[in-house]
């Protein structure tokens, strides 16, 4: 497959309504748009209280990831494992300001829209929630600790969520050491053993599985809210014989929360998987039911059918599920 240039990639991503500042990007997701139109909020608000309306979903390294997951909706065939110098040297403060500006441009069309009140539009311009999760692997950005610390200092910021593939445990250690842990840290999970993990992530680094296990082992030591996000792919990692293995690995992480979510047949993933690989909400719940039987330390906490997701919580977690209670 022909490697696309960065210029071509930026054009392609911009067509998909990404806003850019150098190699960093931001996107106004469908839930953000629905919240503007008064049509509901993201499950992250339902579950945790993260503010959908003003969510800034960003990535500092749009085109770099050390996994090439088959279920990823991004064009990961064109993405590399090592960010170039221009991406690594982007100043975090300039990145933040540039992405805020880019998001405002993306939202321009909602101003004065018949279904969007002035108060709602003004609220959407705030910066209460930041999700560092959009594209690429954010822990590859060497200035990630400073980025998170700068976000923490900004007036009005309530929550910062970081989603990682778990391939860079050294960065997780840095975040703790430098006082830069996010409000909530996610580690993605797709397989309970090396064979399944590699078949889905297409990570064939010599230490790929070892790095992942090291990241999981760090979770109870970091001192922040932790979530395992398990993506179910029908016919691939939802097999009955894998349930007990998943339960064993999940239990060992001690994670505060576990999200079990259906793979969604979107974007470039449609070239790698079929629509039949997308579990129904009922199938997700059936898998969760089997899993809970083997996870005595966890309980059902919440669910959202239109996102095909179920939330479990560790019974002895010290954290309140909703970080912020909203009306």
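Quick one: work out the % antiparallel among DSSP beta bridges in the chain, nearest 5.
On the way: 18 of 43 bridges.
Within the chain, antiparallel bridges account for around 40 percent of the total.
Please report, in whole Å, how far the alpha carbons of segment 49-116 spread along each principal axis, starting with the longest.
Taking max minus min along each principal axis of the Cα atoms, segment 49-116 gives 43, 31, 25 Å.
In Å and on Cα atoms, what radius of gyration and Dmax does segment 137-191 show?
11.3, 39
Who wins for biggest fluctuation among 216, 311, 107 in a Gaussian network model of the chain, springs between alpha carbons below 10 Å?
107
Between residue 221 and residue 113, what is 0.36 nm times their sequence separation minus the Cα-Cα distance? Round to one decimal in nm.
Values: separation 108, 0.36 × 108 = 38.88 nm, distance 4.73 nm.
Additional length available on full extension: 34.1 nm.
Picking from 233, 120, 160, which is most flexible by a Gaussian network model of the chain using Cα springs under 10 Å?
Looking only at 233, 120, 160, the largest GNM fluctuation is found for 120.
Taking Rh as the Kirkwood radius computed over C-alpha pairs, what is the Stokes-Einstein D of segment 161-229 at 10 °C in a medium of viscosity 1.306 mPa s, expressed in µm² per second?
129
Can you give the Rg to Rh ratio of the chain, both from alpha-carbon atoms, with Rh computed by the Kirkwood formula?
Numbers: Rg = 19.0 Å, Rh = 20.2 Å.
Here the Rg-to-Rh quotient is 0.94.
Could you tell me the relative contact order of the chain? Use alpha-carbon pairs under 8 Å, at least six residues apart, and round to a whole percent.
Details: 591 pairs, mean separation 54.7, N = 327.
After rounding, I find 17 percent.
Is segment 189-327 best put as rounded, prolate or oblate by its Cα gyration tensor, with a ≥ b ≥ c the root eigenvalues, rounded for a/c under 1.5, and otherwise prolate when a/b is larger than b/c, oblate when not?
Oblate, because a/c is 1.5 or more while a/b does not exceed b/c.
Pick from 210, 28, 163: which residue has the top mean-square fluctuation in a GNM of the chain where Cα pairs under 10 Å get a spring?
Maximum fluctuation in the GNM of the chain, among the listed residues, is at 210.
With the Cα gyration tensor of segment 78-212 in hand, give its eigenvalues times 5 under a square root as the equivalent ellipsoid semi-axes, listed largest first in whole angstrom. Walk me through the numbers before you get to the answer.
Working: eigenvalues 204, 65, 44 Å².
Over the Cα atoms of segment 78-212, the ellipsoid semi-axes are 32, 18, 15 Å.
With each pseudo-label sitting 7 Å past Cα toward Cβ, what's the residue 297-residue 142 distance in nm, one decimal?
Taking the two extended label points, one gets 3.7 nm.
Using a Förster distance of 45 angstrom, determine the FRET efficiency expected from the C-beta separation of residue 195 and residue 89, and round it to 0.05. Please list the in-between numbers first.
On the way: r = 38 Å, r/R0 = 0.85.
Efficiency at R0 = 45 Å is approximately 0.75.
With no solvent and one equal point scatterer per Cα, compute the Debye intensity ratio I(q)/I(0) for segment 1-112 at 0.17, 0.22, 0.24 Å⁻¹ and report its log10, rounded to two decimals.
Scattering profile of segment 1-112, log10 relative to I(0): -0.93, -1.27, -1.35.
Every number here is computed from the coordinates shown, using simple stated rules; none is lab data. All values derive from a computational prediction rather than experimental measurement. Here the Cβ is made from the backbone with ideal geometry for all residues, glycine too, and neighbour counts use every protein chain on show.
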